[in-house]
Amino acid sequence: MKSIVPILILLLQTLLYAQNVEEPLGLQTASGDYIEGFVDWSEQVLVVYGSAATPEHISNPVQKRLMGFRGAKVVAYRNLLEMVGQVQVNSETRVQNFMVESDSISVRIQGLIRGARVRTGSQSQSQDGAYRLALELPLRGEFSSAILPEAPFPDVSVSYALPNPALYAPTPGDSLSGDVLAEAPPDAPPAAYVPPKPYTGLVVDARGLDLQPSMSPRIVARDERIIYSAASSDSNYVAEYGLVGYGKNRKQAMRSDRIGGENANPFVVKAAGVSGLYKSDIVLENFDATLVVMADIDGDFLRECRVHILLGPQPVVIDSTFIDSLYIDIPYRDTLPEENTVELSEQAAPGDTAE
């Protein structure tokens with residue numbers, strides 16, 4: 001039985017470790033055709049498929065293949081123009097809303113679609129003779145500049161951004177309780193926050209929540225303060241890197257290039273909930289939101305879009321002694337010391353190399 005344990009762990013890891021955050025998309029056209037594709041939010045690209053068949057009178061295999069993929073590419077471009085409107089921009093709107101409201105945006109997006117490229121490895125031929133490929137359209141760069149608002153970083157004073165510290169004093173149950181604020185009386189100015197060293201980015205753990213990815217999510221506090229949005233970021237960084245990064249692997253997020261690579265010192269916070277019509281905005285507890293604002297004062301990571309969001313199921317936490325002894329007493333799980341527990345979503349995924 002002991003030999004079964006590694007297999008079980010590997011299966012759990014495989015389920016937890018789809019490397020990228022992908023949102024499947026589907027659309028029924030007016031002519032009755034069905035278009036399929038997906039948004040890879042980790043790579044920030046829209047992928048749409050097209051397929052076509054060649055005329056029966058063509059017998060040359062090479063010519064048949066060339067014409068088949070050429071026809072599939074034409075169809076894929078047409079499908080991409082239809083599907084691009086389904087991309088979620090923020091918690092309230094999709095790209096199609098912007099295209100309907102602004103002719104200039106619609107024309108600009110149509111021009112960008114003509115520059116879409118064939119996705120590597122997407123070409124295939126079915127048994128019935130249909131040829132199929134996928135086009136991918138980057139959502140960063142020119143596409144982002146066409147859709148997201150270009151707003152300068154607001155001149156917000158610390159006293160305005162932070163609530164009265166007496167209202168949100170840390171308690172033993174608060175997350176990130178190791179970062180301590182100096183105690184102050186109710187009439188005192190906001191307390192100084194001095195981290196051990198500047199934070200290089202923000203990692204928001206939204207696993208276990210029904211958070212839907214979008215191009216322009218917001219991070220808000222329960223008291224409705226806006227902690228992070230496209231309007232509070234440098235538009236150049238938004239266009240080049242995207243407002244946020246999405247992923248499912250906590251270990252990779254903590255050392256991602258967006259956060260600082262091997263020298264990363266991320267500020268980690270647990271999301272308390274989601275909001276908005278399409279559930280793409282993140283809600284933080286008031287005290288955690290205050291800590292984020294204070295950490296950004298020194299690190300200045302929000303302006304540069306150094307924000308990574310973890311999605312996926314709630315991580316499975318088990319007693320590490322289970323792996324060695326095959327024993328875990330569920331009723332007494334809470335009595336085990338924290339150092340004896342492991343979170344499978346933090347372990348190296350199959351194929352990862354140990355640090």
Checking residue 78 against (1) in a loop (DSSP other than H, G, I, E, B); (2) open to solvent by 80 Å² or more (accessible area, probe 1.4 Å); (3) not hydroxyl-bearing (Ser, Thr, Tyr), the condition it does not meet: (1)
With 324, 352 as the choices, which residue is part of a loop (DSSP other than H, G, I, E, B), at pLDDT below 60 and surrounded by fewer than 22 Cβ atoms within 10 Å (Cβ to Cβ)? 352
Residue list for the range 103-138, restricted to those being farther than 17 Å from residue 66 by Cα and either among the charged types (D, E, K, R) or touching an Asp or Glu at 6+ places or on another chain (Cβ under 8 Å) (or both): 103, 108, 112, 114, 116, 136
Subset tally (residues that are touching a residue at least 60 places away in the same chain (Cβ under 8 Å) and closer than 15 Å to residue 273 by Cα) for the range 215-227: 9
Pick from 106, 144, 122: which is open to solvent by less than 30 Å² (accessible area, probe 1.4 Å) and part of a loop (DSSP other than H, G, I, E, B)? 122
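One line per residue, one yes/no per condition, for (1) crowded, with 19+ Cβ neighbours inside 10 Å; (2) closer than 14 Å to residue 301 by Cα; (3) of a type in the set (Phe, Trp, Tyr):
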| position | (1), (2), (3) |
| --- | --- |
| 238 | yes, yes, no |
| 244 | yes, yes, no |
| 247 | yes, no, no |
| 255 | no, no, no |
| 265 | no, yes, no |
| 269 | yes, no, no |
If I filter the range 293-300 for residues that are at pLDDT below 95, out of contact with any helix residue (DSSP H, G or I) (no Cβ under 6 Å at 6 or more places or on another chain), surrounded by fewer than 23 Cβ atoms within 10 Å (Cβ to Cβ) and not in a helix (DSSP H, G or I), do I get at least one hit? yes
Of 53, 30, which residue is hydrophobic (A, V, I, L, M, F, W, C), in contact (Cβ under 8 Å) with a residue 24 or more places away in the chain and open to solvent by 20 Å² or more (accessible area, probe 1.4 Å)? 53
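The values are calculated or read from the model by the stated rules, or taken from the named source; none is laboratory data. Being a predicted model, the structure only gives us computed values, none of them experimental. So basically every Cβ, Gly included, is an ideal-geometry build from the backbone, and we count neighbours across all protein chains shown. Surface accessibility is based on the protein's heavy atoms, side chains included, excluding ligands, DNA and RNA. Shrake-Rupley method; radii C 1.70, N 1.55, O 1.52, S 1.80 Å.
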